[in-house]
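Okay, so here's the structure we're looking at.
Every read-out reported here was derived from the displayed coordinates using simple, explicitly stated rules and does not represent laboratory data. Keep in mind it's a predicted model, so treat the numbers as computed, not measured. FYI the Cβ positions are ideal-geometry reconstructions off the backbone, even for glycines, and counts take in every protein chain you see.
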Amino acid sequence: MASEPATDYAFQGGPGAFEEEAGHEEVHGLSPWRLALRRLKRNNKVAIVFGVLFLLLVAICLAAPLWANGPADTDPYKNHLTETIVIDGKKTNVVSLDGVPIGPTWQGKFFLGADTNGRDTAVRLLYGGRNSLLIGCAAALITALLAVILGILAGFVRGFTDTVVSRTLDVIWAFPVLLLGVALGTALSLGGLEIGPIKLGAGSKLIPILIIAIVYVPYMARPIRGQVLALREKEFVEAARAQGMRPSRIMLSEILPNLSSTVIVFLPLMVANAILLEAALGFLGVGVKAPEPSWGTMIGDGVKHILSGPHLAIVPGGMLVLTVLALNVFGDGVRDAFDPRSTVRMEH
Amino acid sequence: MTRFVVRRVMQMLIVLFAVSVLTFLIFNVIPGGDPALRLAGRQPDPGQLERIRQDWGFDEPLYVQYVKTIGNVVSGDLVSYTTQQNVWQELKGRIPRTFSLAIGAAIMWMVFATALGLYSAVKAGRFADRFLTIIALIGISMPVFWVGALMNYYLGFKWEIFPNGGYVPFGEDPWEWFYHLLMPWTALSLLFIGVYSRILRSNVLDTINEDYVRTARAKGLSERRVLVRHVLRNSMVPVITLWGLDFGAVLGGGAILTETVFDLQGVGQYAAESIGQLDVPPVLFITLFGAFFIVLLNTIVDIMYAALDPRVRLA
């Protein structure tokens, strides 16, 4: 009977058939994680390829010192303004007399050319990638953490807490994203930040991380709150309550695990957006402090000096687009695999 | 319904109030942000500083300063710290530029996103769909200022196909206006076309299996009519919601990057320049200006929803 098509049950003996069936066939329960992973593997190999590409890009950036100390033989800050380099047997200035930096040489030194200060673009690209990726990942994690905490509190406790949290999110939401980011960036990078024991220097990388994290909280906290509102009415929460579980424990061990797929779906897209926002802040001059490189500040410099060499903008921009694209394609696949409906708004 | 509208408008005012307080605080509690120093010029003597503090009211308690500033925002008498010019006068000249950018781009991204999203859904799973998906994701992944700068460099400077930045008023020469804005519109639209076409595609795929679509087909309507009248209409609702919000953000000067990279001298660029100089009055004004449009369109969308769906009113 197990081989019968499902539609025939109704004609074969009423409800009893279902019970019998349930007894015969062993049902394989798969966790949503397993299901999603299987769907991802089966339907969306492209997403996996791009996920691997992202990891590869991370690995390359982490290996920055190997390139810097090896073939390039310089560091991201050192300028070679007055030096020359031999290309095809000819001596060439790293930065020509009228200030035009050398383009890509495709050899160890100045592989991707130099910038207007005579610094090695490839080396700065790798070290800048470390900063951009660090800021992007850290900001996305903090956003997720804050969003989950606020979303659970607002959705589960409701009442006054919900009002306070939701209205606060409304205010952040109503702020033009970039204006808020730039305003906070300018304000904090002047004098740093001091809240009790926490001290942030003016050049600290935590400043852009925190700004980006805070700006994106509403985009994630709102859908999570909505989900918690739906979850708290489910039978398993009622059962937990009937058992006499404390609200804090229900939140931690009943609600939280059910949010994990939403968080997983959001994370790659959040990292992608955070990297993009870091770039925008860098372009507007409030990101990572010079001379420290990041893709955002490098693109900003490149755009400023684009007339003396388009490679200054193309190289860091291309790397950033590749990274963000990898995250977006991977994230898209993950979302399809888990399939909760979610959209992320972005800055422009 | 009236009660719902009144409540939403009240909420809108409260949010605007909170935004203004927050902006005011951000810039007034920062260390090293003393506006008197910037007003006094290069080498101020202490007496001069004291006089400026008294004249501008910087010695008064913060809440008094706040109330005065907001009063000036409403009456249009707000004056910049650095240039000492009237903020509203400065802004007035920039608003047409920002609105031109916003309206043109909003039309552009909506038209292209609808066409591409619908086409992608109709061809779901085939090559055209996959290709458009990749294109859309690339569009989402590119920073607008980078695309803008490269367009400016190659299309504007090197190959001289388009004017290299700048703005011509519509009243002066409509064609030049259009010609100058074509690149900024395209750069700004790319991201939105990517996002919107993806959302529309999945909405269309959801609706296409609904019973009423099958009914429409069964009664013999042409495929084209089914798609436009029955499928597209119902799939557009969430996209239009989003469109309202994003359009509001760009209207309010939210396209800082696009305006800056194409040197449009719009509201957003003014904000970026003012922030760089810690010039609080214009920043406060523009933040409120931008927040106003975001909140306004948010409210309009909510009210429209409530008008269409009575269940929303109770929430």
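Just a few scattered comments:
- Residue among B:L297, B:T287, B:A271 farthest towards the positive dipole end of the range B:163-310, charges placed on Cβ: B:L297
- Per-residue average of Cβ from other chains inside 10 Å of B:198-208: 1
- 12 Å beta-carbon shell around B:R51, net charge (K/R +1, D/E -1): -3
- Along its first, second and third principal axes, ordered by size, the range B:53-127 spans 71, 26, 20 Å in Cα coordinates.
- Cα-derived Rg over Rh, computed across the range A:203-348 with Rh taken as Kirkwood radius: 1.14
- Neighbourhood charge, 15 Å Cβ-Cβ cut-off, centred on A:M319 and excluding it, Lys, Arg +1 and Asp, Glu -1: -2
- Beyond 24 Å, the tail of the calculated P(r) for the range B:108-201 holds 33 percent of the Cα pairs.
- A straight Cα-to-Cα reach below 25 Å connects A:K304 with the lysines A:K78, A:K109, A:K205, A:K289, B:K158, residues fewer than 8 places away in its own chain not being considered.
- Fraction of alpha-carbon pairs over 31 Å apart in the protein assembly as shown - percent: 60 percent
- Over chain B, dividing the summed -39,500 (n - 2.57) contributions of all DSSP H runs of at least 4 residues by the number of residues returns a 222 nm mean residue ellipticity of -24000 deg cm²/dmol.
- The GluC sites (Glu not before Pro) of the range A:201-262 meeting both criteria, a DSSP state outside H, G, I, E and B (loop) and at most 10 other C-beta atoms within 10 angstrom of the site's C-beta, are A:E233.
- Longest exposed-site-free window of chain B, the sites being trypsin sites (Lys or Arg not before Pro) in a DSSP loop that have at most 14 other C-beta atoms within 10 Å: B:220-315
- Estimated translational D of chain B in µm²/s (Stokes, Kirkwood radius over Cα pairs; 20 °C; 1.002 mPa s): 95 µm²/s
- Lys/Arg +1, Asp/Glu -1 at C-beta; the range B:132-246 dipole; positive extreme among B:L245, B:L181, B:L227: B:L227
- Dividing the mean sequence gap of close Cα pairs (under 8 Å, 6+ apart) by how many residues chain B holds gives a relative contact order of 26 percent.
- Listed by chain and number, the lysines whose C-alpha is less than 25 Å from the C-alpha of B:K68, apart from same-chain residues fewer than 8 away, are B:K92.
- Positive contributions from Lys and Arg (+1) and negative ones from Asp and Glu (-1), summed over other residues with Cβ under 15 Å from the Cβ of A:K78, come out at -3.
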